[in-house]
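Step one of this worksheet: look at the structure below.
The values are calculated or read from the model by the stated rules, or taken from the named source; none is laboratory data. Remember, predicted model here, so these are calculated numbers, not experimental data. Cβ sites come from the backbone with ideal geometry, for glycine too, and all protein chains shown count toward neighbours. Note: accessible area is taken over every heavy atom of the protein model, side chains too, but ligands, DNA and RNA are not part of it. Shrake-Rupley method; radii C 1.70, N 1.55, O 1.52, S 1.80 Å.
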Amino acid sequence: MLSFLEKARKKPATMNRTMISLIMAFLAILWLVFSGIQDASLFFYFPTEVEQSIISDEMEQDARIRIGGFVQPDSISIEDEIIFFVLTDDERGVVRVRYEGILPDMFAEGQGAVAEGMFPSEVDGGYFFPDEWIFYADDIFVKHGEEYSKEHLDKTEMKKRFGSGIPSGTLE
Amino acid sequence: MIASWPVFLGRFGLWALCLGALFALVFSVLDLKSKSTWSSVAKRSFLTSCIGSLLTVFGLQYALFTHDFSIRYVATVSSKSQPTMYLFSAWWGSLEGGLLLWAFLICLFAFLAISKDKLRGSILTSFLLLPSATLCFFSGLMLKFANPLASFDDRFTIPLDGIGMNPLLQDPGMAIHPPLLYLGFTGITIPASYAITHLLNKNEEWIQLSRYWTNYAWFFLTTGILVGSWWAYHELGWGGWWFWDPVENASLMPWLLLTAFAHSALAFRARKLFNRWNLFLILAAYGMTLVGTFITRSGIITSVHAFSESDLGYWFLGYITVYLLFAFGFLGFNWDSLKDNSNLKESASKENAILFNNLLFLGMFVAVFFGTTWPIFSEISTGEKVSVGAPYFEKTIPPISMPALILLSVAPWLSWKRKIGKKFKNYLKIGIIGGLLSFLFFSYIRSSIGLPWFDSSWEHFLTTFLLGFTLLPTCKEFLDSKKGRFMNSYHGGLIVHVGVLFLAIGATASVEHKFQTDAILENEIPFVLDDYDVELIQDANGLQVVNGENYSSFGTSVKVSSDNGTKILSPEKRDYGPNWSPTTEMGLKSNWKRDITLSMSEIINDSKVRYRVTIQPFLKFIWIGGVVSILGFLVIIGSERR
């Protein structure tokens with residue numbers, strides 16, 4: 001069983017420069033990938049988790065993070081071209097988000113959205129009031145691909161229309 | 001509620017599909033295990049399964065076209081006002097129908113392969129293992145979790161009209177994109193099945209047999225990805241064409257492995273090299289089609305918790321595990337007996353170039369795979385959720401893809417076995433002249449559209465050089481080739497390579513030189529982007545409201561003047577009623593040098609609208625390159641038809 005492994009151990013392969021350079025190149029790629037992932041990955045929270053880490057004083061200010069949830073119905077307001085809305089989740093956690101810029105098409109109340117940005121410690125020279133914990137987003141994403149389909153319709157909207165006779169596998 | 005007869009027939013067909021596949025699997029295993037032959041029984045069971053899939057499709061289409069809203073699936077993906085074409089494409093509008101399409105296409109491909117390649121005996125039964133197991137799995141999922149022909153529960157009244165398809169998806173591009181991808185995914189099943197015939201039955205012809213089907217799979221998958229990207233650019237109105245989204249990556253991962261396989265299969269055909277490696281690649285590519293579907297369908301990317309809420313994810317994970325265990329188990333146990341010509345000399349030969357090609361494609365696959373799945377690993381191992389976005393991919397992919405592009409432009413001139421020949425040196429000289437010319441040409445064009453000619457990313461400089469570097473020797477090759485040998489698969493490959501370089505120029509330029517700004521336009525007041533020599537004027541009518549078929553449109557007319565004349569653009573916001581968020585129809589002024597797009601972002605009042613203006617140089621090269629690649633691939637398919 002697994003004789004190919006034993007064989008490889010017994011008879012050390014004669015490595016030529018081609019093989020050595022292949023292995024070196026592959027290791028370089030692995031290094032590139034894992035260092036890249038470490039640098040580029042952002043922490044991702046649901047609104048409930050944001051609330052919890054604010055309460056337990058663990059939320060870092062000025063760190064770039066992403067928060068993903070549903071846009072709470074009736075929460076979008078626009079003041080002087082600045083958009084405010086509330087992200088929420090199934091466990092009713094809420095985060096107020098402030099965003100300047102263009103919202104993607106699929107952004108709407110009741111829809112899933114991800115906000116990228118930070119809780120700044122300082123805003124325009126003035127101090128940030130930690131009591132308010134407004135999330136300063138500079139990028140908003142909506143889910144791409146299959147989620148464009150009705151799967152992403154607000155659950156309550158679906159329930160209102162069809163009761164719980166919704167096809168299985170389409171909402172969860 | 002009694003279902004109509006076609007729906008009843010469809011439900012019956014689904015059972016036939018499932019049981020037929022199950023019997024095909026059982027009798028195939030029996031045939032391989034025992035001395036007596038069961039291959040004709042297995043074949044007949046498989047045909048039953050094929051007929052079953054046809055009946056199910058017929059039942060579903062009948063229900064869709066007759067607006068039978070007592071079927072839950074029909075009520076969720078279609079509505080009475082839906083145009084006919086999108087009633088048909090509602091078939092794959094959601095999970096249930098997507099599974100059915102997948103099953104149907106596996107039946108189709110496997111049926112075609114069996115009849116075309118005249119498979120018989122134990123080759124047939126070992127070939128049938130993978131398609132019939134996959135069919136069992138998919139039809140089982142449909143029967144248990146996601147039946148496209150299930151009715152509403154008795155407790156609920158049948159709705160008078162369905163929800164209908166998302167208006168964003170009501171577009172020819174989006175109607176054809178999913179089936180193309182599915183054709184590509186299911187097409188991979190055939191070469192993977194031939195790999196299994198080789199593992200179980202020493203089918204020495206497996207590479208020759210699978211190449212034909214690999215070509216089709218590659219063709220459909222590539223076209224599907226390009227059409228999806230084209231749709232995203234033209235319909236989403238964000239000015240982007242690739243977002244490194246998990247759904248997109250799910251189609252890219254099998255594509256990368258399939259492309260690696262298509263190249264290393266050449267080395268096997270010419271020199272009987274890399275047999276084991278070929279088997280590994282194609283089995284892994286098939287595995288990635290399952291993993292990709294799992295990632296996008298189970299919700300695991302959003303959160304591990306979302307995944308655990310639905311059983312579907314567990315079933316998928318289970319099936320993937322079973323597949324990997326069997327496929328790589330067969331490979332491991334047969335490792336020693338697999339014939340492999342290991343006579344690989346250390347020289348600049350074509351086989352070594354292919355080896356490095358495979359390394360780079362595998363590298364890109366690793367980068368995309370870990371970038372896409374890192375959030376899952378991170379959450380499982382540390383409990384911390386992370387998100388990996390486009391910056392990661394933009395940083396890791398170029399250092400791997402650029403060497404691949406360099407390789408692509410020199411490797412075709414290398415010869416098998418031998419060292420660098422006269423032809424190579426000759427082409428290198430011509431190539432350098434061509435490269436410098438195209439480099440200067442693109443620098444000049446950049447300066448003519450308001451970009452500094454000497455300042456760009458190294459990736460963009462490299463790709464503009466490589467285009468001429470490849471194009472000139474390619475032209476010489478075409479001119480020199482004797483009449484009878486013109487347009488064989490080698491020439492097709494050269495055309496694909498040129499197409500890829502066009503695409504790379506567009507991709508690198510649109511990443512490096514993308515310019516985006518907000519513009520508030522008032523009626524008849526010009527908005528000038530001096531650096532880019534672009535002027536925008538909204539006409540005197542301001543905002544116009546027009547009612548379309550199933551939407552109302554808020555649109556303006558904006559005159560865009562730039563170096564090559566003026567064009568009136570009509571950007572719109574379309575409102576599809578309370579069920580759907582509005583969509584943006586962008587205005588596009590495009591020539592080969594650059595794309596100028598205009599999307600409405602906010603309507604301030606009747607005469608004042610805020611737009612997002614995007615200017616991207618050479619973006620059209622992406623679509624040109626895509627079309628050239630596809631044409632090149634048609635040459636390959638045409639010349640390798642047996």
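Side notes on the structure shown:
- Summed over the range B:347-387, the residues that are under 13 Å from residue A:43 (Cα atoms) and among the aliphatic types (A, V, I, L, M) give a count of 2.
- Residue B:205 within 14 Å of chain A (Cβ to nearest Cβ) and open to solvent by 10 Å² or more (accessible area, probe 1.4 Å): no
- Filter pass, residue B:250 being under 11 Å from the mean Cα position of the chain (by Cα), crowded, with 23+ Cβ neighbours inside 10 Å and within 13 Å of another protein chain (Cβ to nearest Cβ): yes
- Any hit, the range B:52-62, residues being within 14 Å of chain A (Cβ to nearest Cβ) and either over 25 Å from residue B:209 (Cα atoms) or surrounded by fewer than 20 Cβ atoms within 10 Å (Cβ to Cβ) (or both): yes
- Qualifying residue in the range B:260-279 (condition: at positive phi and open to solvent by 10 Å² or more (accessible area, probe 1.4 Å)): yes
- Any chance residue B:24 is within 14 Å of chain A (Cβ to nearest Cβ), touching a residue at least 24 places away in the same chain (Cβ under 8 Å) and outside any loop (DSSP other than H, G, I, E, B): no
- Residue count, the range B:359-368 (criterion: touching a residue at least 24 places away in the same chain (Cβ under 8 Å) and within 9 Å of another protein chain (Cβ to nearest Cβ)): 5
- Any hit, the range B:61-73, residues being within 32 Å of the chain's Cα centre (by Cα) and closer than 26 Å to residue B:112 by Cα: yes
- Identity of the residue in the range B:34-51, in contact with a helix residue (DSSP H, G or I) (Cβ under 7 Å, 6 or more places away or on another chain), assigned to a helix (DSSP H, G or I) and among the hydrophobic types (A, V, I, L, M, F, W, C), that ends up surrounded by the most Cβ atoms within 10 Å (Cβ to Cβ): B:46
- Which numbered condition residue A:28 fails, given (1) open to solvent by 30 Å² or more (accessible area, probe 1.4 Å); (2) modelled with pLDDT of 85 or more; (3) not in a helix (DSSP H, G or I): (3)
- The residues listed here are B:398, B:391; of these, the one that is under 30 Å from residue A:114 (Cα atoms) and open to solvent by 50 Å² or more (accessible area, probe 1.4 Å) is B:391.
- The numbered conditions (1) farther than 17 Å from residue B:360 by Cβ; (2) in a helix (DSSP H, G or I); (3) open to solvent by 10 Å² or more (accessible area, probe 1.4 Å) are all true for residue B:242 except (2).
- Residues located in the range A:32-54, provided they are touching a helix residue (DSSP H, G or I) at 6+ places or on another chain (Cβ under 9 Å), under 30 Å from residue B:360 (Cα atoms) and not in a helix (DSSP H, G or I): A:41
- When each of B:430, B:495 is tested for being closer than 30 Å to residue B:638 by Cβ, over 32 Å from the mean Cα position of the chain (by Cα) and open to solvent by 20 Å² or more (accessible area, probe 1.4 Å), the lone residue that passes is B:430.
- Of the residues making up the range B:369-394, those that are more than 9 Å from every other protein chain (Cβ to nearest Cβ), of a type in the set (S, T, N, Q) and more than 19 Å from residue B:289 (Cβ to Cβ) number 2.
- Among the residues of the range B:558-576, the ones that are closer than 22 Å to residue B:609 by Cβ and more than 31 Å from the chain's Cα centre (by Cα) come to 8 in all.
- The listed residue being modelled with pLDDT of 95 or more and small (Gly, Ala, Ser), out of B:237, B:287, B:228: B:287
- Candidates B:210, B:126 - the one that is buried (at least 22 other Cβ atoms within 10 Å of the Cβ), within 21 Å of residue B:331 (Cα to Cα) and assigned by TED's automatic domain parsing to the domain that holds residue B:13: B:126
- Hits in the range B:110-155 (condition: aromatic (Phe, Trp, Tyr) and within 19 Å of residue B:18 (Cα to Cα)): B:111, B:127, B:137, B:138, B:145
- Residue B:233 meets all of the listed conditions (1) over 13 Å from the mean Cα position of the chain (by Cα); (2) open to solvent by less than 10 Å² (accessible area, probe 1.4 Å); (3) more than 20 Å from residue B:354 (Cα to Cα); (4) away from every other protein chain (no Cβ under 14 Å) but one, namely (4).
- Verdict on residue B:469 being farther than 27 Å from residue B:636 by Cβ and crowded, with 16+ Cβ neighbours inside 10 Å: no
- One residue from A:82, A:78 being more than 9 Å from every other protein chain (Cβ to nearest Cβ) and either out of contact with any helix residue (DSSP H, G or I) (no Cβ under 6 Å at 6 or more places or on another chain) or surrounded by fewer than 20 Cβ atoms within 10 Å (Cβ to Cβ) (or both): A:82
- Listed by position, the helices (runs of 4 or more DSSP H) enclosed by the range B:70-173 that each have at least 1 residues that are touching a Phe, Trp or Tyr at 6+ places or on another chain (Cβ under 9 Å) and within 14 Å of another protein chain (Cβ to nearest Cβ) are B:72-77, B:95-116, B:121-144.
- Inter-residue pairs, beta-carbon under 8 Å, first in the same structural domain as residue A:106 (by TED's automatic domain parsing) and among the aromatic types (Phe, Trp, Tyr) and in the range A:71-90, second open to solvent by 90 Å² or more (accessible area, probe 1.4 Å) and part of a strand (DSSP E or B), 6+ apart: A:84/A:78; A:84/A:96; A:85/A:96
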